[in-house]
Structure formats: structure tokens, C-alpha cells
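> There's a structure below that I have some questions on.
The values are calculated or read from the model by the stated rules, or taken from the named source; none is laboratory data. In this text, all values refer to a predicted model and were calculated from it rather than measured experimentally. We place every Cβ from the backbone using ideal geometry, glycine too, and count neighbours over all the protein chains shown. What goes into the accessible areas is simple: the full protein's heavy atoms, side chains included, and nothing from ligands, DNA or RNA. Shrake-Rupley method; radii C 1.70, N 1.55, O 1.52, S 1.80 Å.
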Amino acid sequence: MNSTSEQLRFASIPAHSVRADFAGGGLSSDLGPLLLRGVDLQIGLTKRLAAALPDRRHQSYISHSYHDLLTQRIYQIGCGYEDGNDANSLRHDPMFKLGAARSPFDAAAALASGATISRFEHAASRQDIYRVSEALVEQFIANFASPPKSLILDLDHSEDACYGQQPLAFYNHHYGSTCYLPLMIFDGQSGGLIAAVLRPGRRPFGEENAMIMRRVLKRIRQHFPDTHILVRGDGHFSGPELMSLIDGMSNMDFIFGFACNTKLLAMAEPTRLRAIDRWVAAQSQDLVPNAVRLFDEFTYKARSWPKAWRVLLKAEVMALGENTRFIVTSLPGLDAGMLYEDIYCARGQAENYIKHLKDDLAADRTSCTSFLANCMRLLLHAAAYILHQQLRTEGLRHTALSQAQPSTVIAKLFKIAVQVRQYKNKIVLHLPSACPAKHLLRTLTERLYLSTPARSLNSS
């Protein structure tokens, strides 16, 4: 029998050969689970989600509670392990076990396997999806210690390309792919995620947008009765159903993009011609502007609208041609230019939040064999986004990473080698002496350790 441990060989350096073995003991490449746990303990996210899921399993055969499964899956997603099968290799990792409040070297305290994670995702019912979605809205509300004076809700749909035979994945001509088209709702001021709703790949109808927003807005209004709420989105949302819903609720407004038609183009013609004249005149100047923009507004009522609304026009001329855009709003006051450039265009930041959710945290990993399982997956990735957003805005505020996207935080703070040592009554983690983020980690861990969970409007 060969008792020599397995070795890896590397190129030598002067006077030294270089070898490696796998006898390092309690080592891990992930500090992230403990950082996410610190945030989770403060905001109570996984506890809230677990409370929304009734456990229908036979209690005699349970090794992992729903809270344990949620913690494990969400933390793994938050650390860059989006595949459920990753649990097979991470269930014995000492840092992920610590993140789940388990003993790092107890073999009996192993985390769930990939098969258990898969069963958990596929066990979700429609009622479970609804309750977890509701819990995410409640989590957003609980972030406020007192009712805010105003809120901006940014709505946007995003392509979730599908490459298998996922149910309800349809071909969408706009994106040129077979996909889902989930709806994301963000806080336009903080970037907090309010809701993530997985949808079939077809273009949404006005009734569907109104149905989803009615539930979200009523829930928020229950806690914030006097808060002014502005709902903001592109032309997908300028249907009469959603506009009538918002108009019928007190202290609430909307601003949406709006597709042009022949009547609107005729009303915009004088302003468009003036913009062209100014662009032509500007060509003779020493410094030619990149574009000429003129704004105007008028009252307009489409046939399907119950009343006339304020329609704003942007008539833009540039070297590439004309760019005429319309938006419809219920907001009074403020001139058309300020409403368009300062308020409406700011909704573009939501696309960055979607990028964080999809590209950095792989929320488009919806490859399950049932639609409801894919709905649950999206919600789990949304929960990982919430932890990252809270880590960035609270734990990392006023630091170099206060505006960093999740992938940057993962690379700089989560992917750090850790040696875990367990003693009789304590666990010690040894980080690299040359760790470049040691000062930032000291600031972050002190904030997570010393700060107690704030008593919020929705604390249990």
C-alpha cells in the first residue's frame, strides 16, 4: 500500500522545488458565507422566507429544515455558486457550514446535497410562490424604521433566455430568442429589490401588469399610508389598466414611456421642425453640439384611456438622425424637460440592478423542469440580491466598495482563503497575512458584529 500523500508538481524556483498536497486540513476558499450571515442576522431575510413556507414533509425523515435549505442555497448563490449541484461539493466546506451555524468539522452536520436542494425547489406550490413573493415585499418594507416621504418604484421586464424545454418559455420576436420575461420591481432610490415575478416569454398584457402591481401597491400602502409613490417604467406599462389603477389610489403618480402614433406625431410636428432648424443652424457654429433637444407637452387622450393625460415630447436631432420620444404622466408641475431628463431617464438605473441580478448572481439560471420550480429559483436569486444590496448600502457604506456590483464584492471580499481551527469553546479563522482587503474587512466585520437588528415597521 502506498502511504505517500497525493502531490502536485510545479515549476521550481532557484534552489527550491515546488510541491503541493491536499493535507491542509480545515481550509476554505470562501469567506463570503460569514459576511452574508452577518447581514442576514441583521435583516432577518431567511427567517422571514422560512416562515412563509409551511413544511409539509414528514418530520421523521427531515435532516434539514426549510430555514437551513434557504440559508444554504441563498448563501451559495450569493457567493457565486448558482447551480444547485454545487451543494454536492460545498456541503462539507467548513465556511459554508459555519454560515449555516453548523459545526465546521462535524461530519454529521453536513449541509444538504444537490438532490435535496432540487427536491426543495420542485416542491414549491403556487401558494408557496405567492407567500415567498409577499415575504420579499415585506422585507423591503421592513428596511424602513419610519415611513418614507416618497418612494419610486421602477418596473422593467428582462429577457431570461431558455435553452431547454422549460415550460411556458416562448419565442419573443423583440429579443429574438425563446425565453421567459420576468418582471422586476426595484426601489428607484436605493436599488432595493421589491419583487421578482417569473413570467412566460410573451409580451405582457395591461391586465397582467395591473394585477401584479395592485398586490404590491396595496401591501406597501398598508404600511405607508401617507407616502407619495411614483411608479416609473417604459412603454410596456403605459396601458390603461395600470394607469387607471394608479390614478384611483391616493397620493400616487406614474410616469411611463409611450409609443408614438400618427396623431401624436402630428401634434409634435411644430416642435420637431424647430429642432431640425436649430440643428441645421448649429452646423455653421465653431462648436457643433452633439444633439439638439427641444421639449414640449400637450394633453392627449387615447381611445382606451378613461381620461386625458399629460403627454411630454422630446424632439431630438443628432448626426445619426432624429429621435422623437413621448412619455405619459400624471405628475403635475415641473416643465417637460426636467420631467423627462431628471425623473424619467433616471429609470435607466434599474437596468444596472437587473444586470447585477442576472449577470453577477445568475438569476437567469431557470433550467428546472417545471415552471413553479423556476419561479422558486428566481426568488432565491432575488433573496441573494437583497443580501448583497444590504451589504453594499449598509455594511460597506462610505467605503471603496459602497457602489460596487456583486461580482466585485465577491471577488474582493468573498473569495479569500481561510484556515479554520476549532478549539474546545471557540473557532478561529486565519486569513492570509497579505490579504489586500484586511482594513476593509475590519470595518465591515465590526459593523456586522456590533450592529443589532433594527426594530422596523414590520418586525416580528
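> Out of the total accessible area of the stretch 1-111 (probe 1.4 Å, heavy atoms of protein only), what percent is carbon and sulfur? Intermediate results must be reported in sequence, preceding the final value.
On the way: 3100 of 5970 Å².
About 52 percent, which is the carbon plus sulfur part of the accessible surface.
> Separate question: Give the distance, in whole Å, between the Cα centre of the stretch 5-67 and the Cα centre of the stretch 410-429.
With the stretch 5-67 and the stretch 410-429 each reduced to a Cα centre, they are spaced 10 Å.
> For a label point 7 angstrom out from the Cα of His174 toward its Cβ, which stretches of the stretch 317-335 have the backbone nitrogen within less than 19 Å?
Counting only backbone N, you get 324-329.
> Could I ask something else about it? Percent of alpha carbon pairs in the chain separated by more than 40 Å?
That fraction is 31 percent.
> Can you send over the solvent-accessible area of Ile276, 1.4 Å probe, protein chains only, in Å² to the nearest 10?
40
> Tell me, what % of the accessible area of the stretch 231-307 is carbon and sulfur with a 1.4 angstrom probe?
52
> Ok, one more. Considering only lysines 8 or more places apart in sequence, or on different chains, count the pairs in the stretch 332-460 whose C-alpha atoms sit under 20 Å apart.
Values: Lys355/Lys412; Lys358/Lys412; Lys358/Lys415; Lys412/Lys438; Lys415/Lys438.
Total qualifying Lys-Lys pairs in the stretch 332-460 comes to 5.
> For the chain, what is the mean residue ellipticity at 222 nm derived from helices alone (per DSSP H run of n ≥ 4: -39500 (n - 2.57); sum divided by total residues; nearest 500 deg cm²/dmol)?
Result for the chain, helices only: -10500 deg cm²/dmol.
> Taking the Cα atoms of the stretch 145-221, what is the range of coordinates along each of the three principal axes, in descending order and whole Å?
Cα extents, longest axis first: 46, 24, 19 Å.
> Taking the Cβ of Tyr81 as the center, what net charge do the other residues with Cβ under 14 Å away carry, scoring Lys and Arg +1 and Asp and Glu -1? Walk me through the numbers before you get to the answer.
Numbers: positive: Arg73, Arg91, Arg365, Arg377, Lys415; negative: Asp30, Glu82, Asp83, Asp86, Asp93, Asp360.
The answer is -1.
> Same structure again: Return one whole number: the accessible area per residue of the chain in Å², for a 1.4 Å probe.
Heavy-atom SASA per residue in the chain reads 50 Å².
> Another question, if that's okay. Relative contact order for the chain: what is it in percent, counting Cα pairs under 8 Å that are at least 6 residues apart?
Answer for the chain is 20 percent.
> Need one word for the stretch 320-460: rounded, prolate or oblate. Basis is the Cα gyration tensor (sqrt eigenvalues a ≥ b ≥ c); a/c below 1.5 gives rounded, then a/b vs b/c decides.
prolate
> Follow-up. Ignoring any ligand, DNA or RNA, what whole percent of the accessible area of the stretch 345-444 comes from carbon and sulfur when the probe is 1.4 angstrom?
49
> Further, regarding this structure: Summing +1 for each Lys or Arg and -1 for each Asp or Glu, what net charge is found among the other residues whose Cβ lies under 12 Å from the Cβ of Gln189?
That works out to +1.
> What is the packing order of peptides 173-179, 365-371, taking the mean over residues of other C-beta atoms within 10 Å and listing the highest first?
Taking the mean over residues of other Cβ atoms within 10 Å, the ranking is 365-371, 173-179.
> Under 16 Å Cα-Cα from Lys149, which aspartates and glutamates qualify once same-chain neighbours fewer than 8 residues away are excluded?
Asp187, Asp226, Asp253
> Please go through the stretch 300-344 and write out the trypsin sites (Lys or Arg not before Pro) that DSSP classes as loop and that have at most 16 other C-beta atoms within 10 Å. Please report the intermediate quantities before stating the final value.
Values: sites: Lys301, Arg303, Lys307, Arg310, Lys314, Arg325; in loops: Lys301, Arg303, Lys307.
Sparse-neighbourhood loop trypsin sites (Lys or Arg not before Pro): Lys301, Arg303, Lys307.
> In nm², what is the average projected area of the convex hull enclosing the Cα atoms of the stretch 1-135?
12.1
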